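Peer 1: What follows is a single structure, and I will ask about it in a moment.
Bear in mind that the values in this text are calculations on the coordinates, not laboratory data. All of these numbers come straight from a predicted model, not from anything done at the bench. All Cβ positions, glycine included, derive from the backbone under ideal geometry; neighbour counts span all protein chains shown.
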Amino acid sequence: MQVEAISEEAGARRLAVRRHRDGASGDAVDWVAEETPVALVFNGISHAVMMATPQHLEQLAVGFALSEGIVARREEIFDVEAGFVCGGTEVRLEIAQPAFLEMKRRRRALAGRTGCGVCGVESLAMLDLAPEPIRKPAEPATPQAAAIARAAAELPGHQRLMQATGCAHA
């Protein structure tokens, strides 16, 4: 499969990796997807934080606002701006006052039930972005090749970042 070149600005970077294939392992350099904490801030109030690849963040925020019912129409979003803060990214949306008041009235917890613990915190300031290192286990896990092949075959094949890194999803 031909993989189109991807730039580091596109949410991935080249890193030294240890590759395991067909019972052998060795050092290599590969594209690795990046994720960053992204805080969605509506009219100056932080609403939710999630992990995301740092690309198309304005579109992510607009889609979130529409799909969560924070706004009913795109026209209720007056401005969207993304910027780096506190070791993550904030996407600030200015929305119509009636939509903002309704959002505040029915605000709910968006805490993620699984994963890294980032999704669902209300602001980037609540994150511990310098956790203690994880110790290596005495016995490293050895995944079965058939299980890995089955999982890879089920991943969507139409995403450039997925094709380049093998570890991104939408």
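Peer 1: Which percent of Cα-Cα pairs in the stretch 5-76 sits in each 10 Å bin, short to long?
Peer 2: So the P(r) values, bin by bin, are 17, 34, 23, 16, 9, 2.
Peer 1: Across the stretch 135-142, in residue order, what do the Karplus-derived ³J(HN,Hα) couplings come to in whole Hz, using 6.51 cos²θ - 1.76 cosθ + 1.60 with θ = phi - 60° and x for Gly and Pro?
Peer 2: 6, 5, x, 4, 10, x, 5, 10
Peer 1: Which far-off residues, 5 or more places away or on another chain, put their amide H under 5 Å from the one on ALA48, with H placed in the peptide plane?
Peer 2: Amide H neighbours of ALA48: LEU40.
Peer 1: For an R0 of 25 angstrom, estimate the FRET efficiency from the Cβ-Cβ distance between GLU154 and ARG73 and round to the nearest 0.05.
Peer 2: Once rounded, the FRET efficiency stands at 0.10.
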